[in-house]
């Protein structure tokens, strides 16, 4: 793609509109000056660009042609036009690989460092949507290197935040915390209040998953002090708060928070409300109030079935706990297996793992060792694929114990050795 100089733009527009150099003359703009500008032997000033763009637009109106150029267009250099073109391309959520290659080529040709950085960010976002979080973070790392080389460190807070989100979604919470803390540092240095709040939310979420419940509560309360009711994560923060009280066994406190959230929400038919119903179902289950529990799980299921089936695995798998606690194993298996079907369909790794753990508990209670072993082997394959060494070690030890009790020495030894090799890698 060719980007024109100011002189080339003026000559091209003049010819397109059938204007002569004399037609463009005005006070302080002579034919000779226009000739030199078109030959790129004189720079164009803002005042000249303003007068020329006015003449071009006026002539376009007479010809019933839509032009809409301004002085900024006439004054931009080819480098500036190339940068603007690339940045506009990158705004497209559906950008293709071909467009990304084109942008990279232009960035190299015109030495557009900002464009390179923003392209790597776009690549990070694309891989993140595909749940390829390693590649996403690799893209973000490249963007950070470029912005550091440009001494544009004010951009780093947002990029480190994105990396923290990737690691959270990849269940690597300790690493996510590192990135959130880096993001928080730069957001304070450059007074980026929005990112500061998002870091607090992200940190609280990670602390919760790592079972550092008191720290999670302390952090989410800091978030709620600085957050506004219109912030995207405001209600979600109360959800985290309730989750923390649930983890501490204070189910009544958690239920109170969830019911307050229901009272606040005007829209009863959205994904967030389905989370609240789902979590109310869990808390009533923990209180052994199974009637209320099933009621809320079914309300969650009704909403999710209509608006986002990718989340059905959450409700179906967690609803199985209600049946399991009552020793209604047939319904528990039916619910968890349906949940696993949706988790596989939508590549929901967290609930594939969670659902298989529950299924293992069911077959363990039923003393169905063959099916229990099949679940553990399937889980092992899943955990290997996603490099979850901690849970994988647990599964290897469980398999070794089963084979030990069955006096299957070779298989027992196999899984003990696999467990030992994992420990050496950590």
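Mind telling me which of the residues 231, 192 ends up being under 30 Å from residue 151 (Cβ atoms) and either at pLDDT below 95 or surrounded by fewer than 22 Cβ atoms within 10 Å (Cβ to Cβ) (or both)?
192
Identify all residues within segment 15-32 that are surrounded by 14 or more Cβ atoms within 10 Å (Cβ to Cβ), closer than 19 Å to residue 4 by Cβ and without any contact (Cβ under 8 Å) to a residue 24 or more places away in the chain; write none if there are none.
16, 21, listed by residue number.
If you go through segment 159-177 one residue at a time, do you hit one that is within 30 Å of residue 113 (Cα to Cα) and surrounded by fewer than 19 Cβ atoms within 10 Å (Cβ to Cβ)?
yes
Hey, any hits in segment 2-9 for a residue that's touching a helix residue (DSSP H, G or I) at 6+ places or on another chain (Cβ under 8 Å), closer than 30 Å to residue 160 by Cα and either without any contact (Cβ under 8 Å) to a residue 12 or more places away in the chain or not in a helix (DSSP H, G or I) (or both)?
No, segment 2-9 contains no residue that is touching a helix residue (DSSP H, G or I) at 6+ places or on another chain (Cβ under 8 Å), closer than 30 Å to residue 160 by Cα and either without any contact (Cβ under 8 Å) to a residue 12 or more places away in the chain or not in a helix (DSSP H, G or I) (or both).
Of everything in segment 228-245, what is closer than 16 Å to residue 285 by Cα and within 26 Å of the chain's Cα centre (by Cα)? Give them in sequence order.
Once the filter is applied, which keeps residues that are closer than 16 Å to residue 285 by Cα and within 26 Å of the chain's Cα centre (by Cα), segment 228-245 yields 242, 243.
Of the residues 374, 356, 397, 393, only one is without any contact (Cβ under 8 Å) to a residue 12 or more places away in the chain, in a helix (DSSP H, G or I) and farther than 24 Å from residue 276 by Cβ; which?
Matching residue, one of 374, 356, 397, 393: 374.
Any idea which of (1) surrounded by fewer than 15 Cβ atoms within 10 Å (Cβ to Cβ); (2) in contact with a helix residue (DSSP H, G or I) (Cβ under 8 Å, 6 or more places away or on another chain) is the one residue 91 doesn't satisfy?
It is condition (2) that residue 91 fails.
Given the options 205, 279, 228, name the one that is out of contact with any strand residue (DSSP E or B) (no Cβ under 6 Å at 6 or more places or on another chain), over 19 Å from residue 167 (Cβ atoms) and either touching a residue at least 40 places away in the same chain (Cβ under 8 Å) or in a helix (DSSP H, G or I) (or both).
Only one candidate qualifies: 279.
What about residue 333, is it modelled with pLDDT of 95 or more, touching a helix residue (DSSP H, G or I) at 6+ places or on another chain (Cβ under 7 Å) and either assigned to a loop (DSSP other than H, G, I, E, B) or surrounded by fewer than 21 Cβ atoms within 10 Å (Cβ to Cβ) (or both)?
yes
The values are calculated or read from the model by the stated rules, or taken from the named source; none is laboratory data. None of the values given here were measured: they were computed from a predicted structure. Here the Cβ is made from the backbone with ideal geometry for all residues, glycine too, and neighbour counts use every protein chain on show.
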